[in-house]
Each structure stands twice: as structure tokens, then as C-alpha cells.
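Each remark here refers to the structure printed beneath this line.
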Amino acid sequence: MATGPRYKVPMRRRREARTNYHQRLRLLKSGKPRLVARKSNRHVRAQLILTGPQGDQTIASATSEDLAEYGWEAPTGNLPAAYLTGLLAGKRAVEAGLESAVLDIGLNTATPGNKVFAVQEGVIDAGLEVPHNDEVFADWERTRGEHIAEYAESQDGLYAGDFDATTLPDHFDSVRERLMEEL
């Protein structure tokens with residue numbers, strides 16, 4: 001016979017700071033699919049998830065690594081890649097029949113101009129209805145990566161890798177156009 005409280009798993013996730021159950025409950029009560037936006041130093045992930053009696057079900061998803069299929073050659077952990085990942089996930093969600101969602105940023109801090117809000121902006125531009133405040137989105141110039149290109153121009157040889165960061169805004173525009181056409 002097992003002993004101990006029945007709530008062991010939720011307490012463990014809370015103790016490990018992996019889940020905010022109060023926030024999760026508010027999102028689940030909305031009854032809408034959740035746009036789960038997660039970021040790391042190298043990648044960005046966007047998933048549209050429905051909650052049901054059998055648990056969470058992923059309806060559509062995209063990672064910044066998927067952008068390579070559409071010609072993305074730049075690093076995948078920056079703001080332009082986050083926007084394009086959201087755009088791709090949004091297009092896939094619209095194809096799957098979703099019309100609206102609510103943003104789930106998890107344990108990320110809600111800082112205006114953050115990557116998770118770039119994902120949200122991409123999903124909205126793809127045609128999904130997500131409640132938002134335009135003030136949290138970065139300026140379009142920043143979303144395109146103009147700040148990265150300006151910094152790369154000021155640093156001689158620092159960004160002399162496989163991708164020329166000074167061309168990031170034009171590269172962003174061409175990949176965005178390709179995503180809009182193909183999906």
C-alpha cells in the first residue's frame with residue numbers, strides 16, 4: 001500500500017519551478033487552444049495545444065530549426081527567427097482548422113519586445129486570432145533584425161561566420177515572403 005499525499009507530482013513540478021499551476025488553470029478555463037511559446041539560447045518553439053480529458057494534444061507546432069526548409073540560413077535563436085517560427089506555426093494551425101488561441105508564455109517574463117511576443121505576432125500575421133496588446137510587440141525594424149545588422153556592421157570581423165549578419169533584414173523579408181506564399 002502506497003503512503004504519502006496524492007499531490008506529489010504537482011508539488012514536484014512547482015518545487016522545481018517548472019509549472020505555474022495558477023497561470024495554467026486560468027489558461028485552461030478559457031476553453032481555447034493554447035499558443036505555447038518557448039525559447040532557449042539557440043532555438044524557439046511554438047505549439048498550439050488543446051487540452052482534453054486524456055491530456056494535452058498538440059495540433060500544430062514549429063521550431064526555428066524548421067525554417068531551414070524555407071531557406072533560413074541565419075542563427076535560429078534571435079528575434080527574427082522567433083517571428084518566423086510563429087508565422088510557420090500559425091499557418092500550420094490555420095490549415096488544421098484552428099481560428100483562435102491564447103498565449104501561454106510559461107515561466108518566461110512578460111517583457112515587451114520579448115521573443116515570445118514575436119512568436120505571438122507571427123501567429124497573428126498568419127491569420128490566427130490571439131488576444132494581445134500591440135504595445136508588447138517589438139518595432140517592426142527590430143523584428144526584421146535591423147538592430148542585429150547595424151551591430152554587425154559596427155563590429156569588423158565579429159560576425160564573419162557562415163552567415164553575413166549585415167544582410168539579415170533582407171534575408172528575413174525573403175524567407176517571410178516564401179512562407180506566406182507556400183503556406
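The values are calculated or read from the model by the stated rules, or taken from the named source; none is laboratory data. These numbers were taken from a predicted model, which means no experiment stands behind them. As a convention, Cβ positions derive from the backbone with ideal geometry for all residues, glycine included, and neighbour counts pool all protein chains shown. Quick note on the areas: whole protein, heavy atoms, side chains included, nothing else; ligands and nucleic acids left out. Shrake-Rupley method; radii C 1.70, N 1.55, O 1.52, S 1.80 Å.
Quick one: Arg142 ticks every box in (1) open to solvent by 40 Å² or more (accessible area, probe 1.4 Å); (2) within 21 Å of Asn41 (Cα to Cα); (3) in contact (Cβ under 8 Å) with a residue 12 or more places away in the chain; (4) assigned to a loop (DSSP other than H, G, I, E, B) except a single one, so which number is it?
(4)
Which one of these is over 20 Å from His43 (Cα atoms) and of a type in the set (Asp, Glu): Glu95, Glu73, Glu121? Step through it out loud before you land on a result.
On the way: Glu73 fails: over 20 Å from His43 (Cα atoms); Glu121 fails: over 20 Å from His43 (Cα atoms).
When all the criteria are applied, what remains is Glu95.
Residues that are within 24 Å of Asp134 (Cβ to Cβ) and open to solvent by less than 30 Å² (accessible area, probe 1.4 Å): find the strands (runs of 3 or more DSSP E) completely inside segment 29-122 holding 3 or more of those.
Numbers: elements: 34-39, 44-52, 55-63, 102-104.
It comes to 34-39, 44-52.
Rundown of residues vs (1) modelled with pLDDT under 95; (2) in contact with a helix residue (DSSP H, G or I) (Cβ under 7 Å, 6 or more places away or on another chain), yes/no style:
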{"residue": "Arg18", "(1), (2)": "yes, no"}
{"residue": "Tyr21", "(1), (2)": "yes, yes"}
{"residue": "Ser30", "(1), (2)": "yes, no"}
{"residue": "Ala37", "(1), (2)": "no, yes"}
{"residue": "Leu67", "(1), (2)": "no, yes"}
{"residue": "Ala81", "(1), (2)": "no, yes"}
{"residue": "Gly86", "(1), (2)": "no, yes"}
{"residue": "Glu95", "(1), (2)": "no, no"}
{"residue": "Gly106", "(1), (2)": "yes, no"}
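Hey, does segment 152-161 have a residue that's modelled with pLDDT of 95 or more and open to solvent by less than 60 Å² (accessible area, probe 1.4 Å)? Lay out the reasoning, then the answer.
First, the residues of segment 152-161 that are modelled with pLDDT of 95 or more: none.
Within segment 152-161, not a single residue is modelled with pLDDT of 95 or more and open to solvent by less than 60 Å² (accessible area, probe 1.4 Å).
Go through (1) over 17 Å from Pro131 (Cα atoms); (2) surrounded by fewer than 16 Cβ atoms within 10 Å (Cβ to Cβ) for Gln23 and report which single condition fails.
So Gln23 meets the others, but not (1).
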